[in-house]
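**Student:** Structure provided below as structure tokens; questions to follow.
The values are calculated or read from the model by the stated rules, or taken from the named source; none is laboratory data. All values reported here derive from a predicted model rather than from experimental measurement. Don't worry about glycine lacking a Cβ; one is built from the backbone with ideal geometry, like all the others, and counts go over all protein chains shown.
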Amino acid sequence: MTVRLAIPALILLAVAAIPFAAPSLQLLMNLALAKGIAVVGVTVLLRAGQVSFGHALFFAIAAYAAAFLSASMPGADLVLVLVVAVAGAAISGVLVGLFVVRYRGIFFGMLNLAFSMIFWSILEKFYHYTGGADGIRLPRPTVFGMALERGPFELIMFYLSLALVILLGWFTVRWFASPSGQLFQTIKTNETRLQYLGVSPQRALLTGYVLSAALCGVGGVIMGIVQGVVTPEFAWWIRSGEMVFIAVLGGAGSVAGAFVGAAIYEIVRTYASAFAGDIWQMLLGGFLLVIVIFAPKGVIGIYDATLARLTGTRANDGETRK
Amino acid sequence: MSEILLEARNLQIRFGGVIAADNVSLTIERGKNMAIIGPNGAGKTTFLNICTGWLKPAKGTVLFEGRDVTSLAPRRIVRLGVARAFQIPQLFTEHTALENLLISVSARERLRHPLQDMHTIRQRGEMLHLLDMVGCADVADRPVVELSEGQRKLIDIAVALALKPKLLLMDEPTSGVASSEKFKIMEILVKALAEAKVTSVFVEHDMGIVSRYADEVAVWAAGNVQMRGSPEEILQHPDVIRDVIGEAV
Amino acid sequence: MNLTIFLLALFDGIAYAALVFSVAVGLTLIFGVMRILNVAHGSLYAVGAYLTVSLTGYILALGFAPVLAFPMMIVSAVLVGVLIGGPIEWLLLRRIYNKPEVLQLLVTFAVFMILEDVQRLVWGTQPYFQASALQAMGMIRVFGVNYTVYQLIILPLVALVLLVGLRFFLRHTILGKLILATTEDREAAQSIGIDADKVFLLTFIVGAALAGLGGALASPTTSILPGMGADMIVLSFAVVATAGLGQIEGAAFTALLIGLGRSFAVYVWPETAVLVPYLIMLIVLLVRPEGLFGSPTARKI
Ligand SMILES: Nc1ncnc2c1ncn2[C@@H]1O[C@H](COP(=O)(O)OP(=O)(O)O)[C@@H](O)[C@H]1O
Ligand SMILES: [Mg+2]
């Protein structure tokens, strides 16, 4: 039990030390944190047995909402930008959700993909408003009224992201264990019974869908602010696929796995892109096949199993259980 | 004259060539335990499906407490006080027995707090008691996939009871339960139903159980109610002995 | 909108529908028989197009007549079916027929990711253009509008042949009947001696070849570039879902609906052209979740 908690705590401490211990990794890690939060959104849906191939949609909606807000309100405050962006993602989550929660499995996955492709083509085609393929700039927001230099601002973003990772990760884990989170997860095993408990499966799924959209939105707006520019690539299917990949890599259904997966993914990608840039999708696809077929519980599953073997106890599967 | 809780009027439904409900009319009185008997394929499950809104009849109406519920979704009918246990247990297979009950009671109480652990809710004791009542206390923390068919049927009933319904519909509650246990379970169940003032309808093939625990019996054949009356009357009837009891033996 | 523009939009729509149908029909055939949605279907379409362009370029360079581009299309389709489709079914799908739907989706999605890079590795990112087949057939004049024979006559003809041929194959040949029997009830089919594994392999090869054929047919009419596979999988899914998964004749109808909707949008409000197919799908699914020709399946309890 103590080992289980000690290792994540150490990892968090190590990440918190990055801006001082290894500044060259700071930006990379910040992007990984942002992506990790978005991946938790995909993970939430996996808990209900659903996979979305279009969640980059909410990632992009939040990022563009932030960019539009900053454009119309120069010097807008960081907190306002975050709130508006995430609210944008959550509201779109309700609207899209009202439609897609009527479907499961193939339809759910593909309709999400369709929505993201629609948004992507709007971003590309209506370039008078969206800047087309070049995207639009997202100028640095002020922080409590102060316009900061790049260095301190990036530091603030880094620790803000880390704080959000902890807060949202904690919230999501707690929500999974709560009555409403449990009702949501029963979508995976028995909707008939759910109906005969007087609950609308659509409503139950919608709750989780909006949470997942908001989480993707948090990831997207952080990514947009850190990069300073938002492009249609934010909504592209490859990004959605990447999120699904990371969620499955980390451990389908595990919140901690989403963050571990995102960190591993970003690090490997950064160093591999030098010599494997051309075959990156191919590596991902190949890896995805291997995980899905041979290690469906992902990195966290392997971690649990290893710990269990070392300590000689049955793996505590409270968190990773799907 | 006692009060009518559920009333089915002229229900009709067909699947291709099969007429599964052929002008079915039946009233169920408050506080009674009614048994439905009849050969396989007679349309007993179909009747329960129509009463709970799972199937919409081509013709006819279902009234619950005088209110027309024919076109309501199952979950709306459940909210009015109708719970159901299934011929094939409908459980959350990745959850434990206790968790299945906790989820049920969470639904009943509409618990919403996003940060409260479901295992710490106030009704936990009540649910443990319910599990104990159906004789499954010892498997409370086992995932239901690992349990026997009989245990799953009992938990399915407990999940329905956790909703505190006015009317409980049970589809073959004791099939799959070891015959030595059947009477014990029914004994407890019928007592609990009486205590909680729950009306029940149960589909049953075991005539011993029917004669002992049913206040009334309805005989199903070829998509319709052929006969209805007290257990003594019905189980002695030559037609029933020939068509239903003979087959069940 | 004057008559000329109307006719142009009409012809565009028909030609486009014919192309989309030949891809979508493979997708829906595979789903109907194997209950698997092949997300990699769009990549097979793209590879079919690339292969055709390369092969046609090769034989033209050898000095053969442009009309030989047609056999090259068929060669490409068969190659896609046998060399790519076969191994996918044989090595991967076979392991996952009894797994949850999410897992099946992930597997075909992974194949999709792999094939997208394979295309880039083999053919690079430069657009290809090879219109010999189109030019070889010349133009035709209809009500004062000039249009290519290839798009106005050949493509719809091929689509029609596919539709009628597939229908005939499934209903009136032994092999087709075996496939249908396996679709209805796999266990029962096996118990009367049908080799379900072979049926699935064959179905997947045929379905993949149809995707390749779609790409081959499309190649003279458009430039071939990375990303066309991703567009096509979503588009053909839209066609198939609007019709109802597994509905072959229905897919022909919705392909036409979506093709015409899109081509008229091109002339009326071009920015929205890409959106129209999805809007049609969303509206149809909103009203009929099982698609225009699908029937709702109730779970037995
Ligand atoms: N959803 C359905 N689709 C098609 N046929 C059905 C359906 N439900 C029931 N049937 C048919 O209706 C008849 C009655 O079935 P059922 O009500 O399950 O009988 P019982 O419960 O009395 O054994 C059977 O012939 C059965 O095959
Ligand atoms: Mg039955």
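**Student:** For the list (1) more than 20 Å from B:TRP220 (Cβ to Cβ); (2) modelled with pLDDT of 95 or more, I need the number of the one condition that B:LEU48 fails.
**Tutor:** That leaves (1) as the condition not met.
**Student:** Take A:PHE171 and decide whether it is within 14 Å of chain B (Cβ to nearest Cβ) and not charged (D, E, K, R).
**Tutor:** Yes, satisfied.
**Student:** So which residues in the range B:6-40 are within 14 Å of ligand 2 (Cβ to nearest atom) and over 20 Å from B:GLU172 (Cα atoms), if there are any at all?
**Tutor:** Residues satisfying the conditions are B:PHE15, B:VAL18.
**Student:** Do you know which residues across the range B:210-225 are crowded, with 18+ Cβ neighbours inside 10 Å and away from ligand 2 (no atom under 16 Å from the Cβ)?
**Tutor:** Those that are crowded, with 18+ Cβ neighbours inside 10 Å and away from ligand 2 (no atom under 16 Å from the Cβ): B:TYR213, B:ALA214, B:GLU216, B:VAL217.
**Student:** Among B:GLY16, B:GLY43, which is without any contact (Cβ under 8 Å) to a residue 24 or more places away in the chain and within 16 Å of ligand 1 (Cβ to nearest atom)?
**Tutor:** Exactly one residue qualifies, and that residue is B:GLY16.
**Student:** When you scan the range B:63-88, how many residues do you find that are within 16 Å of ligand 2 (Cβ to nearest atom) and surrounded by fewer than 23 Cβ atoms within 10 Å (Cβ to Cβ)?
**Tutor:** Here the count works out to 2.
**Student:** With the checklist (1) under 30 Å from A:ALA177 (Cα atoms); (2) in contact with a helix residue (DSSP H, G or I) (Cβ under 9 Å, 6 or more places away or on another chain); (3) basic (Lys, Arg) in hand, flag the one item A:ARG269 doesn't pass.
**Tutor:** (1)
**Student:** For the structure I just gave you, tell me whether B:ALA83 is outside any helix (DSSP H, G or I) and within 11 Å of ligand 1 (Cβ to nearest atom).
**Tutor:** No; evaluated as a whole, the condition is false for this residue.
**Student:** Of all residues in the range C:221-238, how many are buried (at least 20 other Cβ atoms within 10 Å of the Cβ), out of contact with any Phe, Trp or Tyr (no Cβ under 7 Å at 6 or more places or on another chain) and more than 10 Å from chain A (Cβ to nearest Cβ)?
**Tutor:** The total comes to 2.
**Student:** Here is a follow-up. If you scan the range B:167-197, which residues turn out to be closer than 15 Å to A:LEU197 by Cα and in contact with a Lys or Arg (Cβ under 8 Å, 6 or more places away or on another chain)? Don't jump to the end; show me each part of the working.
**Tutor:** In the first step, residues of the range B:167-197 are kept if they are closer than 15 Å to A:LEU197 by Cα; the result is B:167-170.
Scanning the range B:167-197 gives B:LEU168, B:LEU169, B:MET170.
**Student:** Can you confirm whether the range A:254-263 contains a residue that is in contact (Cβ under 8 Å) with a residue 24 or more places away in the chain, polar (S, T, N, Q) and either assigned to a helix (DSSP H, G or I) or on the phi < 0 side of the Ramachandran plot (or both)?
**Tutor:** Scanning the range A:254-263, I find at least one residue that is in contact (Cβ under 8 Å) with a residue 24 or more places away in the chain, polar (S, T, N, Q) and either assigned to a helix (DSSP H, G or I) or on the phi < 0 side of the Ramachandran plot (or both), so the answer is yes.
**Student:** Still on this structure: Can you give me the number of residues within the range B:161-176 that are within 16 Å of ligand 2 (Cβ to nearest atom) and crowded, with 19+ Cβ neighbours inside 10 Å?
**Tutor:** Total meeting the criteria: 6.
**Student:** Could you list all residues from the range C:178-236 that are assigned to a helix (DSSP H, G or I), of a type in the set (D, E, K, R) and more than 26 Å from C:TYR150 (Cα to Cα)?
**Tutor:** Hits for the range C:178-236 are C:GLU184, C:ARG186, C:GLU187, C:ASP197, C:LYS198.
**Student:** Mind telling me which of the residues A:ILE225, A:ILE246 ends up being surrounded by 24 or more Cβ atoms within 10 Å (Cβ to Cβ) and within 13 Å of another protein chain (Cβ to nearest Cβ)?
**Tutor:** Exactly one residue qualifies, and that residue is A:ILE246.
**Student:** Of B:VAL78, B:VAL69, which residue is more than 14 Å from ligand 1 (Cβ to nearest atom) and within 16 Å of A:ARG193 (Cα to Cα)?
**Tutor:** Going through B:VAL78, B:VAL69 in turn, just one is more than 14 Å from ligand 1 (Cβ to nearest atom) and within 16 Å of A:ARG193 (Cα to Cα): B:VAL78.
**Student:** I've got another one for you. Listed residues B:LEU128, B:LEU154; which is under 17 Å from B:HIS95 (Cα atoms), away from ligand 2 (no atom under 16 Å from the Cβ) and either under 15 Å from the mean Cα position of the chain (by Cα) or of a type in the set (Phe, Trp, Tyr) (or both)?
**Tutor:** B:LEU154
**Student:** While we're on this one: Of all residues in the range C:255-291, which are hydrophobic (A, V, I, L, M, F, W, C), more than 15 Å from C:SER236 (Cα to Cα) and either assigned to a loop (DSSP other than H, G, I, E, B) or within 16 Å of ligand 1 (Cβ to nearest atom) (or both)?
**Tutor:** Answer for the range C:255-291, where residues must be hydrophobic (A, V, I, L, M, F, W, C), more than 15 Å from C:SER236 (Cα to Cα) and either assigned to a loop (DSSP other than H, G, I, E, B) or within 16 Å of ligand 1 (Cβ to nearest atom) (or both): C:TRP269, C:ALA273.
**Student:** Here's a check for you: in the range B:151-177, which residue that is away from ligand 1 (no atom under 15 Å from the Cβ) and assigned to a strand (DSSP E or B) is farthest from B:GLN87 (Cα to Cα)?
**Tutor:** My answer is B:LEU167.
**Student:** Something else: Among the listed residues C:PHE21, C:PHE70, identify the single one that is in a helix (DSSP H, G or I) and either surrounded by fewer than 24 Cβ atoms within 10 Å (Cβ to Cβ) or more than 12 Å from the chain's Cα centre (by Cα) (or both).
**Tutor:** Just a single option satisfies the conditions, and that option is C:PHE70.
**Student:** I'm told C:LEU175 meets every condition in (1) touching a residue at least 60 places away in the same chain (Cβ under 8 Å); (2) assigned to a helix (DSSP H, G or I) except one. Can you identify the failing condition by its number?
**Tutor:** Condition not satisfied by C:LEU175: (1).
Okay, residues lined up against (1) within 11 Å of another protein chain (Cβ to nearest Cβ); (2) farther than 30 Å from B:GLN12 by Cβ; (3) among the small types (Gly, Ala, Ser):
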site: B:CYS51; (1), (2), (3): no, no, no
site: B:LEU55; (1), (2), (3): yes, no, no
site: B:ARG67; (1), (2), (3): no, no, no
site: B:LEU80; (1), (2), (3): yes, no, no
site: B:THR96; (1), (2), (3): yes, yes, no
site: B:GLU126; (1), (2), (3): no, yes, no
site: B:CYS136; (1), (2), (3): no, yes, no
site: B:PRO143; (1), (2), (3): yes, yes, no
site: B:LEU147; (1), (2), (3): no, yes, no
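**Student:** Given the conditions (1) within 14 Å of another protein chain (Cβ to nearest Cβ); (2) surrounded by 15 or more Cβ atoms within 10 Å (Cβ to Cβ); (3) free of Cβ contacts under 8 Å to residues at least 60 places away in the same chain, and given that B:LEU91 satisfies all but one, which numbered condition is not satisfied?
**Tutor:** So B:LEU91 meets the others, but not (3).
**Student:** How do the pairs read when you match residues in the range C:89-104 that are within 11 Å of C:ASP197 (Cα to Cα) with residues anywhere that are modelled with pLDDT of 90 or more and in a helix (DSSP H, G or I), using Cβ under 7 Å and keeping only pairs 6 or more apart or on different chains?
**Tutor:** Pairs that qualify, where the first residue is within 11 Å of C:ASP197 (Cα to Cα) and the partner is modelled with pLDDT of 90 or more and in a helix (DSSP H, G or I), are C:GLU89/C:PHE200; C:GLU89/C:LEU201; C:GLU89/C:PHE204; C:TRP90/C:LEU201; C:LEU93/C:PHE204.
**Student:** I've got another one for you. Which of the numbered conditions does B:GLY60 fail, given that it passes all the others? Conditions: (1) within 16 Å of ligand 2 (Cβ to nearest atom); (2) free of Cβ contacts under 8 Å to residues at least 60 places away in the same chain; (3) in a strand (DSSP E or B); (4) of a type in the set (Gly, Ala, Ser).
**Tutor:** (1)
**Student:** I would also like to ask the following. I'm trying to understand the selection: among the residues of the range B:41-57, which are closer than 15 Å to B:LEU169 by Cα and near ligand 2 (Cβ under 10 Å from one of its atoms)?
**Tutor:** Once the filter is applied, which keeps residues that are closer than 15 Å to B:LEU169 by Cα and near ligand 2 (Cβ under 10 Å from one of its atoms), the range B:41-57 yields B:GLY43, B:LYS44, B:THR45, B:THR46, B:PHE47, B:LEU48, B:ASN49.
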